[in-house]
Structure formats: C-alpha cells, structure tokens
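None of the figures in this text is laboratory data; all of them are computed from the coordinates on show. As the structure is a computational prediction, the values presented were derived from the model and not from experiment. Glycine gets a Cβ as well: all are built from the backbone with ideal geometry, and neighbour counts include every protein chain shown.
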Amino acid sequence: MQPWLYVVTAIVVLAVIIVVFRLVVRGSYRRHRKLSGLASTAQYVAILSWVAFGCANLPRRWPAVHVGAVQEAVGWLLFVGGWGLFLLSFLRLGVRRSHGLQVAGLRQTGPYGLSRNPQATAFLVAMVGYFVLWPTWRNLGVLVLVVVLSHLMIRTEEEHLRDVFGSEYDDYLQRVRRYLGRRRGRPSE
C-alpha cells in the first residue's frame, strides 16, 4: 500500500471507529440500556475495518522483519498470552454480555477484579506482541488504531455501566483500575 493511501485509509478507519463508538453505540446504550442489533453490527463493522486495515498492511513475504531470539520469544509470549487472557475474560463474562446484548449484574471478580476491561487489555497485550514480532511503521499504525479503538469502546461502555449500575459501579471504579491493577488503600472483596 502506498504511504499516502495508508494515511488516508487510517484516517477513514479512525473516523469509522469514532462515529460507531461515540455516536451509534453510545446512542444505543442510552436509548435501550443495551446494544441494539444495529449498534452491535456497527461495532463489528468498526472492528472489521481495523482488521481489514491491518490485513492490507501485512508484509508480502513473511516475516518481513527479522528480530532476535529474545525479542521473538517476548513477542510470542505477549501475543499468545494476550489472546489466552482475552479468551479467559471473554468466557468469564459470557458471550451475550461481552457483546453488550445483555445486562445482568456487574462482574467484579476473576479477571474483572484486576481490570475493569480485561478483554480489551488482553487484546492490547496481544497486539503489542504482534508489533514486537513484526516492528514496522505500518504495524505501529495498526497498533495505534487499536489503542484508539479500544479506548473509545471502553469509555463508551463505562458511561453505560455507570448509568446502569450507579453507585455500585462508582464503588467498582474506586477499587479497580481501568486497564490493570487494584487501587491502593481499598479493601478487597
């Protein structure tokens, strides 16, 4: 992909991500207190636009960049470990809840006791591993877009959870960090 086309495509993907998460998904959460079918589909469109952008920027010959043994080991550990933690968190929350289609109690234990967003955090770890394995400028752009996508998705979901669970969610915010770790000085459950 030509550099100018890469930049234009990245801007279009970023615009799709912003519109979907800050307008469509946010609006659906506010109107229905869960995701509508349209908003859920729009989320997939945003995520798939990022995936398509990433795939369009894969190297022609695999791997395009040679890394040392330690860097390769660290990259694979982050990549595989991130996907494993993502799957664990996804299954812990449940399919319908993970897709915003069901609201049934605030999950605060297991991976959700260590991070308010363990799925997104684990996915980011996997994508950092991908970048460590194949550190190119194009892959850095893919990583930046997934950071933006994840953060906008998380901010939108957190607004929704605060509306749904009120003070219970506020207490959770005080105990568990957005991405990783418990807050100091707070009693554990």
Cα-based Rg then Dmax for region 3-175, in Å, read 17.3, 53
Sorted by Cβ density within 10 Å, fewest first, the residues R155, R116: R155, R116
Note on the chain: helices (DSSP H) long enough, at least 27 Å by alpha carbon along their axis, and hydrophobic enough, mean Kyte-Doolittle at least 0.5, are 37-56, 69-93, 137-165
Ranked T156, T109, criterion: other C-beta atoms within 10 Å, fewest first: T109, T156
Under 13 Å from a label point 7 Å along Cα→Cβ of L140: give me every residue in region 65-84 with its amide N that close. none
